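What follows is a set of notes on a single structure, which appears directly below.
Every read-out reported here was derived from the displayed coordinates using simple, explicitly stated rules and does not represent laboratory data. Given the structure is predicted, the values throughout are model-derived calculations rather than measurements. Quick reminder, even Gly has a Cβ in these numbers, built from the backbone with ideal geometry, and neighbours come from all protein chains shown.
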Ligand SMILES: Nc1ncnc2c1ncn2[C@@H]1O[C@H](COP(=O)(O)OP(=O)(O)O)[C@@H](O)[C@H]1O
Ligand SMILES: [Mg+2]
């Protein structure tokens with residue numbers, strides 16, 4: 001059965017969909033069979049990302065499905081299922097993720113406010129040993145200059161959190177990718193390669 005990797009956070013706009021789409025793209029580039037399930041039907045969701053890909057004649061390299069379109073039969077052939085979770089999930093739903101997912105990725109920006117919100121969510125997940133064990137923070141939208149990302153990673157680790165080594169940095173290439181329904185790898189941008197390298201590195205940590 002595939003590894004189920006859920007991307008979730010309590011706040012919107014932290015980079016869930018960007019991370020989910022790019023992680024799926026990186027795993028697909030490595031030759032893994034991957035599917036993305038979009039549980040957030042709103043603007044900025046992965047389903048809309050895939051729709052823009054079709055409009056622009058692009059192929060993301062993996063299917064993006066809504067939960068209702070999942071066929072259990074098809075799942076057995078997959079290496080990974082990435083779940084882009086709903087925008088503002090209730091705590092009950094976040095807790096339930098631990099039963100469905102093998103890995104829970106919590107993207108967080110490195111600002112103090114975002115880190116506070118992330119710690120609050122981690123504290124909640126820590127009350128459940130199963131959820132706690134599966135949870136990893138991904139620092140994202142990290143300024144490419146300065147130490148904010150490294151400092152945030154160290155602070156979170158000091159508090160006992162599991163944090164991915166890779167810092168996903170703040171690059172316009174991700175926004176350009178979203179606009180055309182593509183991946184940072186494929187857009188015209190001087191930092192496209194750097195953005196893609198972050199994602200590939202993260203993908204190897206995760207699977
Ligand atoms: N690493 C990044 N670098 C630059 N912009 C980013 C990055 N990650 C996300 N963004 C931007 O932040 C905004 C919110 O991202 P999104 O993935 O839609 O968040 P969410 O799914 O959590 O609501 C989007 O405009 C997206 O392009
Ligand atoms: Mg989203």
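Quick notes
- Scanning the range 38-60 for residues that are more than 29 Å from residue 118 (Cβ to Cβ) and without any contact (Cβ under 8 Å) to a residue 60 or more places away in the chain, we see that the one that is farthest from ligand 2 (Cβ to nearest atom) is 57.
- Some residue of the range 14-30 being surrounded by fewer than 21 Cβ atoms within 10 Å (Cβ to Cβ), over 15 Å from the mean Cα position of the chain (by Cα), more than 24 Å from residue 167 (Cα to Cα) and more than 15 Å from ligand 2 (Cβ to nearest atom): no
- Qualifying residue in the range 136-156 (condition: under 24 Å from residue 4 (Cβ atoms), surrounded by 22 or more Cβ atoms within 10 Å (Cβ to Cβ), within 18 Å of the chain's Cα centre (by Cα) and away from ligand 2 (no atom under 16 Å from the Cβ)): yes
- Hits in the range 68-90 - residues which are in contact with a helix residue (DSSP H, G or I) (Cβ under 6 Å, 6 or more places away or on another chain) and away from ligand 1 (no atom under 16 Å from the Cβ): 80
- Which listed residue, of 18, 8, is in contact (Cβ under 8 Å) with a residue 40 or more places away in the chain, within 12 Å of ligand 1 (Cβ to nearest atom) and more than 18 Å from residue 175 (Cβ to Cβ): 8
- Of everything in the range 43-59 that is within 9 Å of ligand 1 (Cβ to nearest atom) and outside any helix (DSSP H, G or I), the residue that is surrounded by the fewest Cβ atoms within 10 Å (Cβ to Cβ) is 43.
- Selection status of residue 179, surrounded by fewer than 21 Cβ atoms within 10 Å (Cβ to Cβ), within 16 Å of ligand 1 (Cβ to nearest atom), within 30 Å of residue 51 (Cβ to Cβ) and touching a residue at least 60 places away in the same chain (Cβ under 8 Å): yes
- Any hit, the range 171-190, residues being more than 16 Å from ligand 2 (Cβ to nearest atom) and in contact with a strand residue (DSSP E or B) (Cβ under 9 Å, 6 or more places away or on another chain): no
- Residue within the range 24-42 that is outside any loop (DSSP other than H, G, I, E, B), within 10 Å of ligand 1 (Cβ to nearest atom), within 23 Å of residue 141 (Cβ to Cβ) and out of contact with any strand residue (DSSP E or B) (no Cβ under 7 Å at 6 or more places or on another chain) present: no
- From the list 166, 162, the one residue that fits, being under 26 Å from residue 45 (Cβ atoms) and either surrounded by fewer than 16 Cβ atoms within 10 Å (Cβ to Cβ) or within 17 Å of the chain's Cα centre (by Cα) (or both), is 166.
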